[in-house]
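Structure record follows, encoded as structure tokens.
The values are calculated or read from the model by the stated rules, or taken from the named source; none is laboratory data. The model shown is predicted, which means the values in this text are computed figures rather than measured ones. All Cβ positions, even for glycine, are placed from backbone atoms using ideal geometry, and neighbour counts span all protein chains on display. The protein model used for the area step is the full one, side chains on, heavy atoms only, and it has no ligands, DNA or RNA in it. Shrake-Rupley method; radii C 1.70, N 1.55, O 1.52, S 1.80 Å.
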Amino acid sequence: MRRRRTVLVAVAALAATAVGTFGVSAPAAARTGATPAKTPTALGRGGAIATVDLDASRVGLSVLRSGGNAVDAAVAAAATLGVTEPFSAGIGGGGFFLVYDAATGKVTTINGRETAPARFRRDSFIDPRTGAAIPFYDAVSSGLSVGVPGTLATWTQALDRFGSRPLGQLLEPAAVLAEHGFLVDQTFHNQTAQNKHRFNDFTSTHQLYFPHGYAPPVGSLFRNPDLARTYREIAARGADWFYRGELAREIARTAQHPPLAPSSTRRLFPGLMTTADLAAYTAPYQAPTSSDYRGLRVYGMAPPSSGGTTVGEALNILGWFDLLHSSRLEALHHYLEASRLAFADRGRYVGDPAYVDVPVRQLLSDAFAHERACLIDPRHALTSPVPPGSPDGSYGTCHPGSGRVATDTEGPNTTHVTVADRWGNVVSYTLTIEQTGGSGIVVPGRGFLLNNELTDFSFGPPVPGVVDPNLPAPGKRPRSSMSPTIILSNGKPYLALGSPGGSTIITTVLQILVDEIDLGMSLPQAIAAPRISQRNADPAQAEPAFLALPVTGRLEALGQQIGPVARPAIVAPQYFSPEIGAATGIRFFDSGVLQAAAEPTRRGGGSALVVSPAG
């Protein structure tokens, strides 16, 4: 990857476009400025970026235009998302980073998943008073749910090997935005408001997000000077300050002793993280998963992510069927069945490979896929839960599988960045703090929320007869569904994409690929298409727009059980949006033209930008 050392000019102009002022009088003064328009699709050359947020895309584009590469732009955009999308991502969380290096033609991944503290045990989420699992609502908003953050280590790893700019330069635009403020949109307002009760339980979080007693109004200006100072301290002191310095002590202290408000009635579960856990954290390079689909090479994230294996297995299953000449009904039926089967195997076999033996090679083998594909009846759907298969290397006639799998509680919120540069380098990066708002705990004086990633572990005590690879353990990384994906055609980039959405990330990426590769949709069409998610549970969950399609009734006639998107218990009805995912991606054409695409409406719509727009 080409390395250049040039000066990055801070994009203070981003903040200058804001015209509102946050909450100086009353909620009645709701709109004091106009939210800038976002364009979900862009076509051009010289580099491209797509995120859910206009400010983040602008920052990334400024890096590309000033000579930075895709990794530089991804880090700068991700840091900006920590300002403008703080309930989805930030330095208090983690993620998975895929990079295609044009100089070598290879795809590399960085595992920035959070880890359990050394004192975390299999029964840490079990209430000793009852012997049952701690209520999910209580576990989410607690120090106990906080894993050792991996985001900053991911950025330093990526820049050290592939970047061309120092971290401090790339943090400065985000620091400027945090200091001067950004315009609040409807999504930010709603996500703040939906967290009011738990945010008010912690003094530091209340001070940042509810200083006047109400959520920041749409069109107002939201500032986070504490985060600006934190970014600049990291720029000056380096990542060691976060993992081994004063900030590490503050993070550990906050997790162990969350700043509970005196008025709170919450039963608080203190965290187990120590400064030693932070000092020991690493974000290792990993080989990606890889599989072939219709002549394309699909690269994903290996365990502890289940994204690469589950998307890859489902594609391998679909590869045994001629979807190119199928109707949309037939293609959707097979997509749902392949996803159902792959999720059964995900639940039985995928966990942190440092703790469990994950048969990645067999899960992605064509022979295993054939053994699973033969269970699909084109005239009638399977009934969930289907048992997992046996990826043991010995395959013959159709094998129905056996056993049961555990359920999971993975949160729905995350965000994704897709970037390409003028040299042909590509980044697909999914990052998260888990639940919308993470643990709900802001590190006092530092301006960022801590994650609640440890709730991604299986929650209750082990279930008799169920082999669960995702049980908690000290130092273990919980299973994730994040699915950053890069696809090559003849060794060159064809498509890069990813999405938030908890376990629906897998089905979102899979459905987009089927729509784009098999059904002839453009990338923007595939991203915008109504979604349905089958995760080995009936009914499959579908967005309202999908439920309204004529094909839904025809799928039900085949035995597919289909229902609406379920509302998480901790989200109040007035703030629930029945959406699945919020994807971004880039399509690469042989002519050198890039098509960047983001969601047109989900999560308020995303922002796609290119360095040199076409026509």
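Quick notes on this one:
- When both segment 519-588 and segment 419-465 are represented by their alpha-carbon centers, they are found 23 Å apart.
- Percent carbon-and-sulfur accessible area, segment 102-151, ignoring ligands, DNA and RNA, probe 1.4 Å: 53
- Rg and Dmax of segment 312-466, both derived from C-alpha coordinates alone, stand at 19.3, 62 Å.
- Shape of segment 123-234, Cα gyration tensor, a/c cut at 1.5: oblate
- Cross-link partners of Lys492 among aspartates and glutamates, defined as those whose alpha carbon lies under 15 angstrom from its own and excluding same-chain residues fewer than eight positions apart: Asp101, Asp292, Asp421, Asp590.
- Measuring only protein heavy atoms, the 1.4 Å probe finds Thr504 accessible over about 20 Å².
- For the chain, accessible area per residue (1.4 Å probe, heavy atoms of protein chains only), Å²: 34
- Most to least accessible of Tyr299, Tyr575 (protein chains only, probe 1.4 Å): Tyr575, Tyr299
- All other residues whose Cβ lies under 13 angstrom from that of Pro353 are scored, Lys and Arg at +1 and Asp and Glu at -1, for a net of +3.
- The listed residues Glu556, Glu599 rank as Glu556, Glu599 when sorted by accessible area, largest first, using a 1.4 Å probe.
- As a fraction of the 1.4 Å probe accessible area of segment 231-276, surface on carbon and sulfur atoms comes out at 51 percent.
- Sparse-neighbour loop sites [trypsin sites (Lys or Arg not before Pro); segment 98-143; at most 16 other C-beta within 10 Å; DSSP]: Arg119, Arg121, Arg122, Arg129
- Spin-label zone in segment 70-112 - amide nitrogen under 11 Å from a point set 7 Å from the Cα of Leu296 along the C-beta vector: none
- Residue-count net charge about Val467 - beta-carbon cut-off 9 Å; Lys, Arg +1, Asp, Glu -1: +1
- Distance between modelled label sites at Leu260 and Ala566, nm, 7 Å Cα→Cβ extension: 3.0
- Cα gyration tensor shape for segment 389-481, rounded if a/c is under 1.5, else prolate or oblate: oblate
- R0 of 56 Å, Cβ-Cβ distance Ala103-Asp322: FRET efficiency to nearest 0.05: 0.90
- Per DSSP, loop chymotrypsin sites (Phe, Trp or Tyr not before Pro) in segment 334-369 with at most 12 further Cβ within 10 Å: none
- Taking 0.36 nm per residue of separation and subtracting the Cα-Cα distance, full extension of the segment from Asp160 to Arg554 would add 136.6 nm.
- Restricting segment 331-403 to trypsin sites (Lys or Arg not before Pro) in coil, as DSSP defines it, with at most 15 other Cβ within 10 Å: Arg379
- Remark on Asp127: its backbone amide H falls under 5 Å from those of Ala132, Ala133, Ile134, a criterion applied only to residues 5 or more positions apart or on other chains, H modelled at 1.01 Å from N.
- For segment 70-122, the convex hull spanned by the alpha carbon atoms encloses 110 Å³ per residue.
- Neighbourhood net charge (10 Å Cβ-Cβ; Lys/Arg +1, Asp/Glu -1) for Asp185: +1
- Cα gyration tensor shape for segment 363-406, rounded if a/c is under 1.5, else prolate or oblate: oblate
- Those lysines that a straight Cα-Cα span of less than 28 Å connects to Lys38, excepting residues fewer than 8 apart in one chain: Lys196
- Correct option for mean projected area of the Cα convex hull in nm² [calculated from the coordinates] among (i) 37.5; (ii) 25.4; (iii) 33.0: (ii)
- Available extension along the chain between His380 and Thr130 is 85.6 nm, counting 0.36 nm per residue and deducting the alpha carbon span.
- The gain in end-to-end length when the Arg122 to His180 segment is fully stretched comes to 16.4 nm, 0.36 nm per residue minus the alpha carbon separation.
- Sorting Asp468, Asp421, Asp160 by solvent-accessible area of protein heavy atoms yields Asp160, Asp468, Asp421, largest first, with a 1.4 Å probe.
- Unit charges on C-beta of K, R, D, E only; dipole of segment 215-338, Debye: 600
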